[in-house]
Amino acid sequence: MATIAQIGDPLNRFDGVEKVTGAARYAAEHPADGLLHGFAISSAIAKGRIKEIDTSAALAVPGIVEVITHLNRPSVAWLDSKYDDDAAPPGSPLRPIYDDRIHFSGQPIALVIAETPELARYGASLIAVSYEEEPFNTDFSKALDERFSPRKARSHTHNPPDRGDPQGAFDAAPVKISGDYRLATEFHNPMEMHAATAIWEPDGKLTVYNKDQGSQNVQAYLSNVFGIPLENIRVLNPYVGGAFGSGLRPQWHVYLAVMAAKMLERSVRVVMTRQQMFTHVHRPAALQCVSLAADEHGKLTSIMIEATTATSRYEYHTEAVVKWGGKVYGCDNASFGYALVPLDTSTPGDMRAPGAATGMNLFEIAVDELAYAAGMDPLEFRMKNFSDRDPVDNVPYSSKALLAAYRDGAQRFGWHKRSQAPRSMREGKELIGWGVATGMWEALVVETTARATLHADGTLEIASAASDIGTGTYTVMAQVAADTLGVPIENIRVLLGDSDLPKSPLEGGSWMAASTGAAVNLACRALKSELVICASKVPNSPLANLSAEQIEVVDGTIRAKGQPARAVRLTDALKAAGLNSISAEETYKPSRDRNMSHYTHCAVFAEARVDGELGTIRVPRIVCAAAAGRIINPKTAGSQMIGGIVMGLGMALEEEALTDHRFGRIMNHNLAEYHVPVHADIGHIDVIFVDEPDPHVSPLGAKGVGELGIVGSAAAIANAIYHATGKRIREFPITIDKLIA
Ligand code: MOS
């Protein structure tokens, strides 16, 4: 039975079976003849120079082929003017194994290359390095004196303009709060570690299987830094075992793998260890100072937000931390400040909802405090301050069904049974708290291209260089194609994750479903028009005079909608046109109304149960109601929301990179000690999508949901803990020590 799928169907993931049976190959799983294995040696000091590096003992071991250090590395084309990649912040990026400079503990300083991964790792233990150490600082709180305003910032991270008289309004207000809110350094911990298999082809071309969020971005990067013509490098990432932003910039493993492959003219694989996953990109530590004021009716009158986040000493990683509080609620008076502090660490990077996960979650704790100061239910307070205009850009939101999300979420959660006073709900020895927060993320779209090819056997192939980082892109693209052309879902093949395919940018910012979906829709519509022409060329065609909108492609036939007898076999149509297959490639170019603001929103409700004696925290249930445009696939979209909420729980209660500042080294650089939520930590998570058709946001009416779930969920948990215990913890993660202090 052919399955006719449409936009809105909760289809299972196309790649689900491949992934759970091991048929899906990840970056470190692609075979190559004569493959060599590289293991990176990490710097033992946080700052200084390499004095000497003795590789002789390693090189004496049979099976160890080479050790690359800064002394014998091949020359690279990498010049300051050519370093760039799509996601790089201003500064001079790390050049691994380039010179004797050490910028952070764990920096890769040499690569041992051997016949097996075990030998390479053993070889690394035989390398003797002596260093000249220099003073350094890795402690965010100690670096606050070095705060500076970034002169260069990534364009989307500029502060919103101040408005009104926030200090005057604050001073005059009857209700106000001020607080300092903190977030610990977090690291991306996808299941798949960063890895690259660089396959040296006999003709000198390179095929690189890499873990990243954009094969063409990595291709361009490798071409630039190694001076290899673009057409001689192909990068593939057909399956990505999670990334959360860690694959936006090409990481050092792929640089090292390609450097070694080029030097040795052999295929080389480099895999980061889990410990080494803590030596590159991360969500920076943050301090956000918030002052809020309201009038006697609970209307916000002043918002003042100042945030500081960490960066490395060699690049300026900026995030849009402070804007969210200025956008989400109506308030005439607001001011924003943002600064960086330099640390002797690797450069931070984007991590799921960069900026918003930090700024909005910390802001929403402050909002809760203000609601209590005003003596108001925290949900009612938020609803009262709802704004359907974006107060920063002073334009209406193209859609913002947040009030419906508040209502539906509250109803599902049973919010009306809540008692307002902290410590007023308990069961046995457990204190029970119910908290709410608002979440918000951009509804972005980017230019992207897709190709649709219909073969004579009725198979439809959809192709784009877009990545599926575990989000459901394969499935959703097939669904859009099925919906547009009427081809049964089983007959659709989706090709992604290959730099040879039609141009697509990085997968990030939650823009892929709406953007690539639009490109697939355009390509399928173009294909349909071609098909109408082909079908009309068949002698005595029953489809003559029909328009594209009047036809569908089902069961190997092109037929009139609603009139299955008026059909032309696909093979006959293609034969009449003299073709074996027919293809259309289209580019979606975003063109949006600048007089509107495009965002997604959610309302998160969390229950926290805190053991009154031990201070242990459980979160048995979370309800999240999201307003995120038209949902293409409620199952994959729901899973993205759940994933974000789980990460929000990690932010609220667990995730924290702990550094021994005497050595500048992260101590808990493994999954035993750096805690991410596991099944035992997760209760029931209920995701609701409220109806939010939005013709302005993207051609399919779709927004993205990859990041929204983390925004608000951490704050809802913090607010639930306050309601349970009466203790206001202004620092993530909220660990037992802080709760019982
Ligand atoms: Mo996301 S942090 O844009 O991968």
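The values are calculated or read from the model by the stated rules, or taken from the named source; none is laboratory data. Computed from a prediction, not measured in an experiment: that's the story for all the values here. Note that we place each Cβ from the backbone using ideal geometry, even for glycine, and neighbour counts take in every protein chain shown. Note: areas computed on protein heavy atoms with side chains; ligands, DNA, RNA excluded. Shrake-Rupley method; radii C 1.70, N 1.55, O 1.52, S 1.80 Å.
Taking the condition of being part of a loop (DSSP other than H, G, I, E, B) and buried (at least 24 other Cβ atoms within 10 Å of the Cβ), how many residues in segment 614-630 meet it? Walk me through it before giving the result.
Residues of segment 614-630 that are part of a loop (DSSP other than H, G, I, E, B), as a first pass: 614-616, 628, 630.
Filter once more, keeping what is buried (at least 24 other Cβ atoms within 10 Å of the Cβ): 628.
So the count comes out to 1.
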Applying the selection to segment 495-525, what residues are within 20 Å of the chain's Cα centre (by Cα), under 15 Å from VAL476 (Cα atoms) and among the polar types (S, T, N, Q)? SER510, SER515, THR516
Which of (1) over 18 Å from the mean Cα position of the chain (by Cα); (2) open to solvent by less than 30 Å² (accessible area, probe 1.4 Å); (3) of a type in the set (Ser, Thr, Tyr) is the odd one out, the single condition SER178 does not satisfy? (2)
So, LYS142, is that one more than 27 Å from THR197 (Cα to Cα), in contact with a Phe, Trp or Tyr (Cβ under 7 Å, 6 or more places away or on another chain) and open to solvent by 30 Å² or more (accessible area, probe 1.4 Å) or not? no
Could you grab me the full set of residues in segment 491-540 that are over 30 Å from PHE244 (Cα atoms) and open to solvent by 20 Å² or more (accessible area, probe 1.4 Å)? ASN491, ARG525, ALA526, SER529, GLU530, VAL532, ILE533, SER536, LYS537, VAL538, PRO539, ASN540
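Has segment 640-662 got at least one residue that is assigned to a strand (DSSP E or B) and either buried (at least 19 other Cβ atoms within 10 Å of the Cβ) or in contact with a Cys (Cβ under 6 Å, 6 or more places away or on another chain) (or both)? Please lay out each step first, then the result.
At the first step, the residues of segment 640-662 found to be assigned to a strand (DSSP E or B) are 659-660.
Filter once more, keeping what is either buried (at least 19 other Cβ atoms within 10 Å of the Cβ) or in contact with a Cys (Cβ under 6 Å, 6 or more places away or on another chain) (or both): 659.
Yes, the conditions are met somewhere in segment 640-662.
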Taking the condition of being farther than 13 Å from ALA184 by Cα, touching a residue at least 40 places away in the same chain (Cβ under 8 Å) and assigned to a strand (DSSP E or B), how many residues in segment 282-310 meet it? 13
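Say we look at segment 693-702 and pick out the residues that are in contact with a helix residue (DSSP H, G or I) (Cβ under 8 Å, 6 or more places away or on another chain) and open to solvent by less than 20 Å² (accessible area, probe 1.4 Å); which of these is farthest from SER510 (Cα to Cα)?
First, pick out the residues of segment 693-702 that are in contact with a helix residue (DSSP H, G or I) (Cβ under 8 Å, 6 or more places away or on another chain): 697-700, 702.
Adding the requirement that they be open to solvent by less than 20 Å² (accessible area, probe 1.4 Å) leaves 697-698, 700, 702.
Values: VAL697: 13, SER698: 13, LEU700: 15, ALA702: 11 Å.
Here the residue is LEU700.
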Does ASP686 satisfy the criteria of being in the same structural domain as ALA606 (by TED's automatic domain parsing), open to solvent by 50 Å² or more (accessible area, probe 1.4 Å) and under 29 Å from ASP408 (Cβ atoms)? no
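This table checks each residue for (1) under 16 Å from TRP252 (Cβ atoms); (2) part of a helix (DSSP H, G or I); (3) open to solvent by 70 Å² or more (accessible area, probe 1.4 Å).
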site: ASN12; (1), (2), (3): no, no, yes
site: VAL20; (1), (2), (3): no, yes, yes
site: GLY34; (1), (2), (3): no, no, no
site: VAL61; (1), (2), (3): no, no, no
site: VAL67; (1), (2), (3): no, no, no
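Matching residues to (1) within 16 Å of the ligand (Cβ to nearest atom); (2) modelled with pLDDT under 95; (3) assigned to a loop (DSSP other than H, G, I, E, B):
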position	(1), (2), (3)
GLN479	no, no, no
PRO502	no, no, yes
GLU507	yes, no, yes
ALA519	no, no, no
ARG525	no, no, no
